[in-house]
Every structure is written in C-alpha cells, then in structure tokens.
1. Looking at the stretch 1-30, which of the residues that are free of Cβ contacts under 8 Å to residues at least 60 places away in the same chain and in a loop (DSSP other than H, G, I, E, B) is surrounded by the fewest Cβ atoms within 10 Å (Cβ to Cβ)?
2. Only one of these is at negative phi, surrounded by 13 or more Cβ atoms within 10 Å (Cβ to Cβ), in a helix (DSSP H, G or I) and modelled with pLDDT of 85 or more: 161, 146. Name it.
3. Which pairs have Cβ atoms under 7 Å, sit 6 or more apart or on different chains, and link a residue in the stretch 45-57 that is on the phi > 0 side of the Ramachandran plot and part of a helix (DSSP H, G or I) to one that is at pLDDT below 95 and surrounded by fewer than 24 Cβ atoms within 10 Å (Cβ to Cβ)?
4. Within the stretch 31-44, track down each residue that is surrounded by fewer than 16 Cβ atoms within 10 Å (Cβ to Cβ), without any contact (Cβ under 8 Å) to a residue 60 or more places away in the chain and either in contact with a helix residue (DSSP H, G or I) (Cβ under 9 Å, 6 or more places away or on another chain) or farther than 21 Å from residue 159 by Cα (or both).
5. Filter the stretch 122-135 down to the residues that are more than 11 Å from the chain's Cα centre (by Cα) and buried (at least 19 other Cβ atoms within 10 Å of the Cβ) and list them by number.
C-alpha cells in the first residue's frame, strides 16, 4: 500500500525529471542536431533517480510508478501517442531496476553499504538502457535506421560518459539523500 508520502515522492520526482527533460536535456539536441547527445546530461537524472530510490527505502513499485508517470508526462512533449512506444525500453529498464535492486536493498542496508547499492543501481540502469533501446527498436522498428544513422555511433561515444556520470550521480545522490534524511 502506497502512503501519501510515497505518492508525493512519486509525483514530485516524475515531474522534476519531466521539467529537466523539457528545459535542459533537449537543449543539446536543439543546438547540435545530434540525436542522443542529451545523454551527456544524464548525471541530473542519475542524481534524482538515486535520491528517489533511497527515499522509497526498497519498497517495490514506487520507482516503477514514477517511471510510468514520467513516460506519460513525456507525451506532452512528443504530441503523438506513438512516442509512448519509444518509452517501452525505459519502462522495462525501470521495471528491472525496481524489482532487482529493491530486492537487494535490505542486504545493502544491513551491511551499511547503501552508497554501493545506489552506485551499482545507476551503473546498471545507464549501461543497459542503450541495449534495451537497441533490442526493442530492432524487434519493432527498422534496425538499419537505428544502428547506422545515429544510435551505435553516438552510444559508442556516450556510454563511457554515461558510466562515469552514473558513478558520480549515484554517489552525489546518496550524499544528498543523507543530508536531507537528517532534516527534521
């Protein structure tokens, strides 16, 4: 059962990620015209994802609900319902992150290693996201357009950046959570 606090966090973090997407993450694409260049700013998503996961304290389906709400909010930017199909890899990745890493939350909390839980969760999320996109698009779209046009060249350059940002964002998100957690 979701509490009002959890529901408020789900809505707050989904809206925060949507605002970030609308105001900051789309700017590099608009300036350069290179699809996927917005992944250079994935550290902001990583920080908010980490803080959200830590606030949910290993409770299942909170992060997944947040991801679905975020995907629905992106319909406002896309304007067409088919953009929701493009969000299926994101939703699948969030589902797996929610199920697997929330199952491990208790273990890491008992060992007092939540910082490693946060970092590993974000590294998993950001390293598997491109592969989910490639798999989904190759099954339900044309693979030539995805692989040769932009996806593989851009992702081969952006994946190391995304891994570094996942590590830094997971650590910073953990530090932010620890500081906010102590507030009355």
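1. Only one residue tops the list, namely 1.
2. 161
3. That search, which allows pairs on different chains as well, returns nothing.
4. Result: 31, single match.
5. Residues satisfying the conditions are 130, 133.
The rows are residues; the columns are (1) touching a helix residue (DSSP H, G or I) at 6+ places or on another chain (Cβ under 9 Å); (2) part of a helix (DSSP H, G or I); (3) modelled with pLDDT of 95 or more; (4) surrounded by fewer than 17 Cβ atoms within 10 Å (Cβ to Cβ).
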residue	(1), (2), (3), (4)
66	yes, yes, yes, no
72	yes, yes, no, yes
75	yes, yes, no, yes
81	yes, no, no, yes
85	yes, yes, no, yes
107	yes, yes, yes, yes
116	yes, yes, yes, yes
120	yes, yes, yes, no
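The values are calculated or read from the model by the stated rules, or taken from the named source; none is laboratory data. Everything numeric in this text was worked out from a predicted model, so none of it was measured. Here the Cβ is made from the backbone with ideal geometry for all residues, glycine too, and neighbour counts use every protein chain on show.
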